[in-house]
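Q: Sharing a structure below in structure tokens format, with a few things to ask.
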Amino acid sequence: MTKYIIRDFFSAFRISSLRQNKAARTCVYMTFYMICLSLFVNRVWSGGLTAWRNAAVENALLLPMIFIYGSVMVHPVQLAKIMYLCPMSPKERRTYICGLYCFRIGVHMLAAIAGLCFVVAYSYCDMISAIQILINYMLSAVLVNHMQETDKKVMVIGEIIFVIAMLSNAMQFAIVLDIVPHPLVRWCLFWIFCFVQLPLEIWYVKYIRNVLRTAVYYEGSELSRSSTERYQI
């Protein structure tokens, strides 16, 4: 099963798959935009090696976030179409779906940790900033593809979690380069995490559990849905 999980994860990044996914294409464009923008801004703001260092630190902070979001969009929590034809038991489906979801989170965090190691090595990043950056990566890494979700509430909450994490890491970029006053910004980020991000994430984890359960027992979900529609008619 592990072989199929790894194969299906990386096959989603094929050019043909990315062309069919609007959100993934947007992430590709965002990547090039962020690289060019950071190089231009840092070149104007400072010169020489400092500009290149700042641009590298900024990209190391934000590009893993873009990669995570793009990966979330191209890896919906469901069986591949071809696997609906396979005679799989609920236990095998649970192993595949949960294994693919956990493997995806692992790849996300590897990219995030690699970026964070670069930030720590080439900036003034302390332990508090490193922990906050890592938390933002984790909050984004566990997201699921909500673009096909009909419930607007789920879509909005997922986007809010990602946007706050992205903006928080952008502010951490200013902190680790000692551009903004530490105490005020750090306290603001802490309170936003406690009173906005964390409650939303707790609610979202419950939604993820429901998504995983529905993907494993899709026959029951389809049957209950069709029965509901029949009674409504």
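The values are calculated or read from the model by the stated rules, or taken from the named source; none is laboratory data. Predicted model only: the values in this text are computed from it and were never measured. Backbone-built Cβ (ideal geometry, glycine too); neighbour counts: all protein chains shown. These accessible areas exclude ligands, DNA and RNA; they are computed on the full protein's heavy atoms, side chains included. Shrake-Rupley method; radii C 1.70, N 1.55, O 1.52, S 1.80 Å.
Q: Let me check I've understood the local charge: for residue 186, count other residues with C-beta under 13 angstrom from its C-beta, Lys and Arg +1, Asp and Glu -1. What total comes out?
A: Here the count lands on -2.
Q: Between residue 98 and residue 187, what is the label-to-label distance in nm when each label sits 7 Å out along the Cα-to-Cβ direction?
A: Placing both labels 7 Å beyond Cα along the Cβ direction yields 4.4 nm.
Q: May I pose another question? Compute the accessible area per residue over the chain, keeping the other protein chains in place, probe 1.4 Å, unit Å².
A: For the chain, the per-residue accessible area is 58 Å².
Q: Of all the Cα-Cα pairs you can form in the stretch 75-142, what percent are over 13 Å apart?
A: Every Cα pair in the stretch 75-142 considered, those over 13 Å come to 70 percent.
Q: Which of 120, 40, 72 sits farthest toward the positive end of the charge dipole of the stretch 1-137, with +1 on the Cβ of Lys and Arg and -1 on the Cβ of Asp and Glu?
A: Selected residue: 72.
Q: Moving on. If I take R0 = 45 Å and measure r between the Cβ atoms of residue 127 and residue 156 in this structure, what FRET efficiency does the formula 1/(1 + (r/R0)^6) give, to the nearest 0.05?
A: With a Förster radius of 45 Å, E is 0.85.
Q: If I model a spin label as a point 7 Å beyond the Cα along the Cα-Cβ vector, how far apart are those points for residue 1 and residue 37 in nm?
A: Once both label points are built, they end up 4.1 nm from each other.
Q: While we're on this one: Can you tell me the 0 to 90 degree angle between the C-alpha axis of helix 48-74 and the longest principal axis of the chain, rounded to 10?
A: So the inclination is approximately 10 degrees.
Q: In deg cm²/dmol and to the nearest 500, what is the mean residue ellipticity at 222 nm of the chain if only DSSP H runs of at least 4 residues count, each as -39500 (n - 2.57), divided by the residue total?
A: -27000 deg cm²/dmol, from helical runs alone.
Q: At a 1.4 Å probe radius, which order do 95, 2 fall into by accessible area, largest first?
A: Largest accessible area first, the residues go 2, 95.
Q: Using a Förster distance of 35 Å, how high is the FRET efficiency between residue 53 and residue 20, based on the Cβ-Cβ distance and rounded to 0.05?
A: 0.40
Q: While we're here: Would you work out if the chain is rounded, prolate or oblate? Take a ≥ b ≥ c from the square roots of the eigenvalues of the alpha-carbon gyration tensor; rounded if a/c is under 1.5, else prolate when a/b is larger than b/c, oblate otherwise.
A: prolate
Q: Please report the carbon-and-sulfur percent of the accessible area for the chain; probe 1.4 Å, protein heavy atoms only, DNA, RNA and ligands left out.
A: It is 70 percent, rounded to a whole number.
Q: Measure out, as a whole number of angstrom, how far apart the alpha-carbon centroids of the stretch 84-126 and the stretch 11-34 sit.
A: 18
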